[in-house]
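Asker: Just dropping this structure here.
The values are calculated or read from the model by the stated rules, or taken from the named source; none is laboratory data. Bear in mind the structure is a predicted one, so any value in this text is a computation, not a measurement. Cβ placement follows ideal geometry from the backbone for every residue including glycine, while neighbour counts extend to all protein chains displayed. Heavy atoms of the whole protein, side chains included, go into the accessibility calculation; ligands, DNA and RNA do not. Shrake-Rupley method; radii C 1.70, N 1.55, O 1.52, S 1.80 Å.
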Amino acid sequence: MVQEEIRRRNAGTLLRQVHLRGPLSRVELGERMGLNRSTIMALTTELSRAGLVDERSPVDTGRAGRPSLVVRPAAERCYVLAFDVAVDRLVAARVGLGGMILDRREAVRPRAGPDLHDVVAVLARFGRQLHRAAPPDARCVGVGASYCGMIRPGDGMVRYGPDLGWVDQAFGDELGRRLELGLPVAVGNEAHLGAQAEQQRGAGVGLDDLVYLHGDVGVGGGIVVGGRLLGGDSGYGCELGHMVVNPYDGRPCGCGSSGCLEAEVGERALLDAAGRPAELFGRDAVRTVADDADRGDPAAREALRRIGDWLGIGVANLVNLFNPGMVVFGGMLCDLYPGAAAQVRARIARHVLPVARETVRLRTAALGDDATLVGAAELGFARLLDDPLAVFTEAVPSTVGARPAKGSRGCPETSARAVGTGIAVDAVAAG
């Protein structure tokens, strides 16, 4: 029994290595896992027979002797469905083992108040389309979803989503029921998932301590400490956007407080500071301010300066508290940070302890707007990577549970976008 448990754990560890790091030779896997050659060969053979990995001869290495086989994740045969619910958009994707986005759908999400029915209807339709479009021999091993709100661990309940009024909405259960795949839907907070994605696959690869700030209408956050996400007592930790940075004359926040970080640097704060009318909102309006600032528009430049100052105060507090190796700016902040970097660095120089600011780096999200979607996919893969041989045999073939979807109201569909790599990284170290 103990030997069987060790074998299962080792199979999961090996699969996780090629899933996160890409193709690796048997020799490299043995070195990473501390296992001998025969044990690695037995594990890769078993995973290959199950259809989870492929083993191929490497290209000519120029070295004498027989080269070690290279183990690759079977991206087309094993996949998850991943969903990302932001304030203004809905995204669904089929993500193969190894993290490659194989297919995707997107729709606009109107700002129309509590809209659980509409959101679930659109995502379920997309999910069934993606499932039907998969190769006949492919298997769906999980479903993960990212939502812009506070998520109760375990059941995907949205406890609080202030931007569109979601309170105690059974998002995970409803989406799972409408997908009709017989698979549970794992749901996580968008910024938490973005933090993990950037640490595993993005700007923070190789770092154990990282802070991720995600801008949408407001600001969310995720903190990785010692390689693990900081969740808090009930799973609602790292609400960095509700850290108070301006307690005396701060802007009102949707949470009921005032002077929160997201109130001072969020979408509305930026647009108001730039003198934009109230009827303008959304990502395009934010990008327009950033573009105008680049072209020298005085109002836009002053707006970015003001936003950058408050953002810098928040970042300085976080660096002093957690001593991260990197602070990553994602979502809307990818667009704003390049024009506000000088103010952020100035606040760090003024307020952060010298020993902490010596090494911290400031970056925009390498995964761009897909950081939260990639994080959702990793939620979907979690069960497989814990016990690959058992989970894959129970997985849902692409020909099962894929009835034609009925039309749904709301959330007009838009064309899918190609997978991006984010905007250029700001490689300036703080300090």
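Asker: Report, by residue number, each residue of the range 319-331 that is over 11 Å from Asp209 (Cβ atoms) and not in a strand (DSSP E or B). Give the steps one after another, and end with the answer.
Answerer: Of all residues in the range 319-331, those over 11 Å from Asp209 (Cβ atoms) come to 320-321, 328-331.
Residues satisfying the conditions are Asn320, Leu321.
Asker: Shifting gears a bit: Give the residues of the range 291-303 that are open to solvent by less than 60 Å² (accessible area, probe 1.4 Å) and out of contact with any Gly (no Cβ under 6 Å at 6 or more places or on another chain), sorted by residue number. Can you show your working first?
Answerer: Filtering the range 291-303 down to residues open to solvent by less than 60 Å² (accessible area, probe 1.4 Å) leaves 292-293, 296-297, 299-300, 303.
Passing the criteria: Asp292, Gly296, Asp297, Ala300, Ala303.
Asker: Something else now. What strands (runs of 3 or more DSSP E) lie completely within the range 98-158 and have 3 or more residues being among the basic types (Lys, Arg)? Write out each step before concluding.
Answerer: Numbers: elements: 101-108, 139-147, 150-152.
Ranges flagged: none.
Asker: Name the residue, out of Leu193, Leu210, Leu270, Leu229, that is crowded, with 18+ Cβ neighbours inside 10 Å, within 21 Å of the chain's Cα centre (by Cα), among the hydrophobic types (A, V, I, L, M, F, W, C) and more than 19 Å from Tyr147 (Cα to Cα).
Answerer: Numbers: Leu193 fails: more than 19 Å from Tyr147 (Cα to Cα); Leu270 fails: within 21 Å of the chain's Cα centre (by Cα); Leu229 fails: more than 19 Å from Tyr147 (Cα to Cα).
Just a single option satisfies the conditions, and that option is Leu210.
Asker: Take the residues in the range 58-80 that are at pLDDT below 75 and among the basic types (Lys, Arg); name whichever of them is most open to solvent (accessible area, probe 1.4 Å). Let's see the steps before the verdict.
Answerer: Pass one, the range 58-80, residues at pLDDT below 75: 59-67.
Applying the additional criterion that residues be among the basic types (Lys, Arg) yields 63, 66.
Details: Arg63: 196, Arg66: 220 Å².
Taking the candidates together, the pick is Arg66.
Asker: Quick check on the range 304-324: of everything there that is among the hydrophobic types (A, V, I, L, M, F, W, C) and farther than 28 Å from Arg228 by Cα, which residue is surrounded by the most Cβ atoms within 10 Å (Cβ to Cβ)? Can you show your working first?
Answerer: Within the range 304-324, the subset among the hydrophobic types (A, V, I, L, M, F, W, C) is 304, 307, 310-311, 313, 315-316, 318-319, 321-322.
When the remaining residues are screened for being farther than 28 Å from Arg228 by Cα, the result is 304, 307.
Numbers: Leu304: 28, Ile307: 26.
Going through the qualifying residues, I end up with Leu304.
Asker: Please list, ordered by first then second residue, the pairs with beta carbon atoms under 7 Å, 6 or more apart or interchain, first in the range 341-369 and under 22 Å from Ala197 (Cβ atoms), second among the acidic types (Asp, Glu) and surrounded by 18 or more Cβ atoms within 10 Å (Cβ to Cβ).
Answerer: Leu362/Asp426; Arg363/Asp426; Thr364/Asp426; Ala365/Glu198; Ala366/Glu198; Leu367/Glu198
Asker: In the range 141-185, what residues are free of Cβ contacts under 8 Å to residues at least 12 places away in the same chain and on the phi > 0 side of the Ramachandran plot?
Answerer: If the condition is that a residue be free of Cβ contacts under 8 Å to residues at least 12 places away in the same chain and on the phi > 0 side of the Ramachandran plot, then Gly154, Asp168 are the ones that fit.
Asker: Follow-up question, since we're still on this one. Which residue out of Val119, Val158, Val85, Val91 is touching an Asp or Glu at 6+ places or on another chain (Cβ under 6 Å), farther than 30 Å from Arg37 by Cβ and surrounded by 20 or more Cβ atoms within 10 Å (Cβ to Cβ)? Full working, then the answer.
Answerer: Values: Val119 fails: touching an Asp or Glu at 6+ places or on another chain (Cβ under 6 Å); Val158 fails: touching an Asp or Glu at 6+ places or on another chain (Cβ under 6 Å); Val85 fails: touching an Asp or Glu at 6+ places or on another chain (Cβ under 6 Å).
Step by step, each of Val119, Val158, Val85, Val91 is checked, and only Val91 is touching an Asp or Glu at 6+ places or on another chain (Cβ under 6 Å), farther than 30 Å from Arg37 by Cβ and surrounded by 20 or more Cβ atoms within 10 Å (Cβ to Cβ).
Asker: So, one more: From the list Gly182, Gly218, Gly172, Gly241, which residue is modelled with pLDDT under 95 and surrounded by fewer than 19 Cβ atoms within 10 Å (Cβ to Cβ)? Let's see the steps before the verdict.
Answerer: On the way: Gly218 fails: surrounded by fewer than 19 Cβ atoms within 10 Å (Cβ to Cβ); Gly172 fails: surrounded by fewer than 19 Cβ atoms within 10 Å (Cβ to Cβ); Gly241 fails: surrounded by fewer than 19 Cβ atoms within 10 Å (Cβ to Cβ).
None of the other options fit; the residue is Gly182.
Asker: What are the residues in the range 29-43 that are of a type outside the set (A, V, I, L, M) and in contact (Cβ under 8 Å) with a residue 24 or more places away in the chain, if any?
Answerer: Here is the first cut: in the range 29-43, the residues of a type outside the set (A, V, I, L, M) are 30-32, 34, 36-39.
Result: Thr39, single match.
Asker: Return the only residue of Leu373, Leu384, Leu362 being under 22 Å from Ala145 (Cβ atoms), in contact with an Asp or Glu (Cβ under 9 Å, 6 or more places away or on another chain) and buried (at least 20 other Cβ atoms within 10 Å of the Cβ). I'd like the intermediate steps shown before the answer.
Answerer: Numbers: Leu384 fails: in contact with an Asp or Glu (Cβ under 9 Å, 6 or more places away or on another chain); Leu362 fails: under 22 Å from Ala145 (Cβ atoms).
None of the other options fit; the residue is Leu373.
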